[in-house]
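A.B. asks: Please find one structure pasted underneath; my questions will follow.
The values are calculated or read from the model by the stated rules, or taken from the named source; none is laboratory data. Being a predicted model, the structure only gives us computed values, none of them experimental. Backbone-built Cβ (ideal geometry, glycine too); neighbour counts: all protein chains shown. Areas reflect the complete protein model, heavy atoms only, side chains present, ligands, DNA and RNA absent. Shrake-Rupley method; radii C 1.70, N 1.55, O 1.52, S 1.80 Å.
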Amino acid sequence: MKKLLILCMIICSFVAVQAQSSKTSSKSSSKTTSTYKGTGAEIKFDKLTVDFGTLKVKDVKVVTITYTNIGKKPLILDDVISSCDCTTVTWSKQPVMPGKKGTIKATYTAKNPGLISKRITVLSNANTDRVILQLKGEVK
């Protein structure tokens with residue numbers, strides 16, 4: 001009988017500890033979610049679409065796309081990805097301080113006749129961490 005009583009006390013203690021642990025865990029995770037404010041950096045582009053107009057096959061068009069850090073902390077571009085091999089991109093790897101501007105240079109080489117619809121995806125530490133820029137025009 002004593003063994004049964006001791007076993008019941010051990011089980012009750014274990015259940016109580018597990019219940020308390022679960023309650024503490026759920027409180028801390030909801031607190032983390034509600035206080036998240038992002039990185040403090042924010043990116044704003046002068047324009048999201050660049051129109052090349054009409055180009056000829058083998059034409060090379062270079063554009064500079066300007067953005068501003070409108071946030072309160074340094075902005076870092078993690079990656080800038082072109083949707084095709086006909087467009088190459090370069091950008092500064094240095095952080096852009098709040099209120100300052102940065103640039104992305106895109107070079108497009110016209111290879112085939114037709115409408116141009118290319119994307120450049122900008123990945124950064126900004127609250128809006130993914131921005132898609134559009135390049136359009138026509139190759140004749």
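A.B. asks: From Val62, Val89, grab the single residue that is modelled with pLDDT of 95 or more and either surrounded by fewer than 11 Cβ atoms within 10 Å (Cβ to Cβ) or in a helix (DSSP H, G or I) (or both).
C.D. replies: None of the other options fit; the residue is Val62.
A.B. asks: Further question: Please go through the range 92-112 and pick out each residue that is modelled with pLDDT of 95 or more, open to solvent by 80 Å² or more (accessible area, probe 1.4 Å) and closer than 19 Å to Val60 by Cα.
C.D. replies: Lys105
A.B. asks: Turning to a different aspect of this structure: Every residue in the range 113-124 that is crowded, with 19+ Cβ neighbours inside 10 Å and either in contact (Cβ under 8 Å) with a residue 60 or more places away in the chain or more than 22 Å from Tyr67 (Cα to Cα) (or both), please.
C.D. replies: Ile116, Val122, Ser124
A.B. asks: Among what's in the range 31-59 and is polar (S, T, N, Q) and open to solvent by 70 Å² or more (accessible area, probe 1.4 Å), pick the residue that is modelled with the highest pLDDT.
C.D. replies: Thr54
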